[in-house]
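J.: I am attaching a structure below and will ask some questions about it afterwards.
The values are calculated or read from the model by the stated rules, or taken from the named source; none is laboratory data. Not measured: the values here are computed from a predicted model. Quick reminder, even Gly has a Cβ in these numbers, built from the backbone with ideal geometry, and neighbours come from all protein chains shown. What goes into the accessible areas is simple: the full protein's heavy atoms, side chains included, and nothing from ligands, DNA or RNA. Shrake-Rupley method; radii C 1.70, N 1.55, O 1.52, S 1.80 Å.
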Amino acid sequence: MPETPRKNEIPTENYYGDKFSYDQEEDQYTCPQGNILRSNGNWYKKKYKRYITEVKQYKTDACPTCPARSQCTTNARGRIIERSQYSTALEENGNRIKFDLKKYLLRQQIIEHPFRNHQTAPDN
């Protein structure tokens, strides 16, 4: 699976976005320190390489006093998690891949195209 693009570097791997748990029912994240990150509910257009998607931003007021802040973010405003409009589908696909990796790798193999050697019969 492709890595999630990052604007700011995360100082330690223990605080990468995949270490934050998302609660779909509450529409909020929980950080590894147990702090809750909430969204204001607005969707923002975000441009990645060749496409534009919509994201929500999740933040917490706990960053200034968090003992792990220097391990989590270099952003002066604190940690921000962005969730794409496609995140649920990407997570479900990632889980399917992890569940049956052998099948996924098998499906990636290139097969010989059935029409590769197609030749027309010579005219008589």
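J.: Quickly run through segment 27-44 and pick out the residues that are loosely packed, with under 10 Cβ neighbours inside 10 Å and under 16 Å from residue 83 (Cβ atoms).
T.: First, pick out the residues of segment 27-44 that are loosely packed, with under 10 Cβ neighbours inside 10 Å: 34, 40-42.
Once the filter is applied, which keeps residues that are loosely packed, with under 10 Cβ neighbours inside 10 Å and under 16 Å from residue 83 (Cβ atoms), segment 27-44 yields 40, 41, 42.
J.: Name the pairs: first residue in segment 93-106 and without any contact (Cβ under 8 Å) to a residue 60 or more places away in the chain, second residue open to solvent by less than 100 Å² (accessible area, probe 1.4 Å), Cβ to Cβ under 7 Å, at least 6 apart or on different chains?
T.: What qualifies is 104/97.
J.: Condition first: in contact with a helix residue (DSSP H, G or I) (Cβ under 9 Å, 6 or more places away or on another chain), under 19 Å from residue 69 (Cβ atoms) and modelled with pLDDT under 95. Now tell me which residues in segment 1-39 satisfy that.
T.: 6, 10, 11, 12, 13, 14, 15, 19
J.: Ok, one more. Just the residues that are in contact (Cβ under 8 Å) with a residue 40 or more places away in the chain and out of contact with any Asp or Glu (no Cβ under 8 Å at 6 or more places or on another chain), please, taken from segment 33-44. Break it down into steps so the answer makes sense when it comes.
T.: Initial filter on segment 33-44 (in contact (Cβ under 8 Å) with a residue 40 or more places away in the chain): 37, 39, 43.
Passing the criteria: only 37.
J.: Another one. Out of the residues in segment 45-86 that are in contact (Cβ under 8 Å) with a residue 12 or more places away in the chain and assigned to a helix (DSSP H, G or I), state the one that is surrounded by the fewest Cβ atoms within 10 Å (Cβ to Cβ).
T.: Restricting to residues being in contact (Cβ under 8 Å) with a residue 12 or more places away in the chain and assigned to a helix (DSSP H, G or I), the top hit is 64.
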